[in-house]
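Novice: Have a look at the structure that comes next, please.
Every number in this text was worked out from the coordinates using simple rules, so none of it is lab data. Quick caveat, the model's predicted, so the values are computed rather than measured. Note that we place each Cβ from the backbone using ideal geometry, even for glycine, and neighbour counts take in every protein chain shown.
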Amino acid sequence: MAQAVKSLWPDAKLGFGPSIEDGFYYDFDKEDPFEPADLDLIEERMRDIIKKNYKFEKKEMKKTEAVKLFKKMKEKYKLELIERIPEDVVTIYKDGDFVDLCRGPHITSTGEIKAFKLLSIAGAYWHGIETNPMLQRIYGTAFETQKELDNYLTMLEEAKKRDHRVLGKQLELFSLNEEVGPGLVLYHPKGARLRSIIEDYIKKEHLKRGYELVLGPHIMKSDIWIESGHYDYYKENMYMFKIEGQEYAIKPMNCPGHILVYRSKTRSYRELPLRYFELGTVYRNEKSGVLHGLLRVRGFTQDDAHIFCLREQVEDEIIKVINFVIDTLNVFGFEDFSVEVSTRPEKSIGNDKDWEAAERALIQALKRKYLNYTINEGDGAFYGPKIDIKLKDALKREWQCATIQCDFALPERFNLKYIGADGKEYRPIMLHRVILGSLERFMGALIEHFAGAFPLWLAPVQCIIIPISEKALAYARKIETALLEKGMRVSLDARNERLQKKIRDAEIEKIPYMIIIGEKEAAGDVLSIRSKAQGDMGIMTLEEFTQMVEKEIKEKVR
Ligand code: ZN
């Protein structure tokens, strides 16, 4: 692609051009912006290059030589990259008349590319830094066969239809509003309802599994964040302000609150493990460039808990959390997930021995559950290693949800203790963990997984009553009241519209059940039922209908 762009626009400068999970991109510095039609032009030139079947030749070069070469080519970004390479020798790749600085590896020749497609154009700051020049990024993808490419493009089309930002607006679930500020979510009635269903479920599950509810304030004095280490390690992400000369921060994490509850009295080993749970809303100053729908926001709520336990309880507690995660994902309709273990990062607190013990405990728990995992070297939190669980949605895309972090550091910083069986003081171990993760992100995943057509137990509106005429309205209202009293989420379409139009609108709203009421139904004290999943279900009494849906809700049928 870069070769094609350079041959079409010789003055365009090359930036980064890596391969990424589902394809590749390249950043260009070009005076005029790329137009969508340019992608066709570039693709055509790419096809020529593929047809020519140029060999990719790798060449190692002294840095000084490479500098000369790229100076001649006027590739200023490449020159900067060469300067950043610590080794004395760099590698370049050549194919046809095109030369590029590249670590490799490459395929043997351009003819090996069997199917490709350029997908989109986006702006991207050089090195991702906002004060640097804005380059133009072209995304593309390539596969070994046309069939694989076609499948991928179909998946992208499907993903576009399921985009939670689009569905969120269409189904009136939430909005992100410039007046409010970037990355701050406004829940509309249906979105707030969906969220509260999720919250109620997850809260109940925590209580069932031996967690205790706690609640902390949204702001706390800076001294606490100094004690926790956030002030030194996380300050750039925190919102700070002063009241009467005292500095405060809006909480970016819930841990210190829970720690202070633990520390409020002397603890005995008999009390442990203690599991504190909070639907904790936090605020983090994410860069505006990375904000994305509900997935990356500045204010979000975690189903957050901290487990204080003995060293010998750690592994069992981790297994309990893993079981909790798997059960929860199943209930919400996610069948598959992947697991990653992240180890000690450079910027971190605590000693080597504790880090190793923590990493061992996490991995041992995964082994006992026979779960496959990958290791992310150096990607742990600054206070401990972690397990990340990513759910896979209906399109097999991964979404970060649960995290389990082992922490030997914060109990030390806050001087947490318990009295052991021998009457001596010991340090408890602390686990940080979320099951759904951020409720915002989880809702984004749910919306896309179900393409907005939620199962009955989650649907913000479970059934809509559609009277055919003015004359059926009184009976329709009676049914509405009866269903509301049974705790169903019902709406009534009393508009003066044609039946077909009302049915169409209910379908667009993806409401699981329609109850159609005409004079005939009113006279016979029955309902005509249309289900989203099964179509026309015929006539039922109110009793029959409620029994059917109550069973479906109770069993959380997907
Ligand atoms: Zn925490």
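Novice: Multiply the residue separation of Arg504 and Lys287 by 0.36 nm, subtract the distance between their alpha-carbon atoms, and state the gained length in nm to one decimal.
Specialist: Working: separation 217, 0.36 × 217 = 78.12 nm, distance 4.10 nm.
So the extension gain works out to 74.0 nm.
Novice: Calculate, for Ser19 and Glu247, the FRET efficiency according to 1/(1 + (r/R0)^6) with r their C-beta to C-beta distance and R0 35 Å; round to the nearest 0.05.
Specialist: E between Ser19 and Glu247, to the nearest 0.05, is 0.15.
Novice: Another question, if that's okay. Near Lys369, which aspartates and glutamates are there with a Cα under 17 Å away, not counting those fewer than 8 places off in the same chain?
Specialist: Qualifying aspartates and glutamates at Cα under 17 Å: Glu315, Asp316, Glu317, Asp327, Glu335, Asp336, Glu340, Glu359, Asp388.
Novice: Determine, for each peptide in 531-543, 154-166, 284-296, the mean count of other beta carbons within 10 angstrom over its residues, then list the peptides with the highest first.
Specialist: Numbers: 531-543: 12.6, 154-166: 14.7, 284-296: 16.5.
Result, highest mean Cβ count within 10 Å first: 284-296, 154-166, 531-543.
Novice: Roughly speaking, what % of Cα-Cα pairs in the chain are separated by over 35 Å, rounded to a whole number? Intermediate results must be reported in sequence, preceding the final value.
Specialist: Numbers: 82653 of 155403 pairs.
Looking at the chain, the distances longer than 35 Å represent 53 percent of pairs.
Novice: Additional query: List the lysines whose Cα lies under 21 Å from the Cα of Lys417, skipping any in the same chain that are fewer than 8 positions away.
Specialist: Answer for Lys417, where 21 Å is the Cα cut-off: Lys265, Lys353, listed by chain and number.
Novice: Skipping prolines and chain starts, which residues have an amide H placed within reach, meaning under 5 Å, of the one on Phe414, given they are 5 or more residues away or on another chain?
Specialist: none
Novice: While we're on this one: Take peptides 385-394, 46-55 and line them up by average Cβ neighbours within 10 Å, highest first, as a rough protection proxy.
Specialist: 385-394, 46-55
Novice: Taking θ as phi - 60°, what are the ³J(HN,Hα) couplings along the stretch 300-313 by the Karplus curve (6.51, -1.76, 1.60), each to the nearest whole Hz, with x for Gly and Pro?
Specialist: 8, 10, 9, 8, 9, 9, 10, 10, 9, 8, 7, 3, 6, 9
Novice: Using each residue's phi in the stretch 458-464, evaluate 6.51 cos²θ - 1.76 cosθ + 1.60 at θ = phi - 60° and report the 3J(HN,Hα) Karplus result to the nearest Hz, with x for Gly and Pro.
Specialist: 9, 4, x, 10, 8, 8, 10
Novice: Would you kindly work out the equivalent ellipsoid of the stretch 2-145 from its C-alpha gyration tensor and give its semi-axes, the square roots of five times the eigenvalues, largest first in whole Å?
Specialist: Three semi-axes, in Å: 23, 20, 14.
Novice: Where q = 0.15, 0.16 Å⁻¹, what log10 of I(q)/I(0) comes from the Debye formula for the stretch 37-122, counting one point per Cα?
Specialist: For the requested q values the scattering log ratios are -0.68, -0.76.
Novice: Another one. Taking R0 as 35 Å, what's the FRET efficiency between Leu260 and Leu186 from their Cβ-Cβ distance, rounded to 0.05?
Specialist: Values: r = 31 Å, r/R0 = 0.90.
In this case the efficiency is close to 0.65.
Novice: Here is a further query. Taking 1 over the mean of 1/r across every pair of different Cα atoms in the stretch 293-357, what Kirkwood radius in Å do you get?
Specialist: 15.3 Å
Novice: Can I ask one more? If I take every Cα pair under 8 Å that is 6 or more residues apart in the chain, average their sequence separation and divide by the length, what percent do I get for the relative contact order?
Specialist: 10 percent
Novice: Once you place label points 7 Å from the Cα toward the Cβ at Glu31 and Leu484, how far apart are they in nm?
Specialist: Taking the simple label geometry, Glu31 and Leu484 are separated by 6.7 nm.
Novice: Something else about it: Could you compute Rg(Cα) / (2.2 N^0.38 Å) for the stretch 463-554, with N its residue count?
Specialist: 0.98
Novice: Can you work out ³J(HN,Hα) from phi for every residue in the stretch 266-272, in order, using Karplus 6.51 cos²θ - 1.76 cosθ + 1.60 and θ = phi - 60°, giving whole Hz and x for Gly and Pro?
Specialist: 6, 10, 9, 4, 5, 7, 8
Novice: So how compact is the stretch 106-208: Cα radius of gyration and Dmax in angstrom?
Specialist: 20.9, 60
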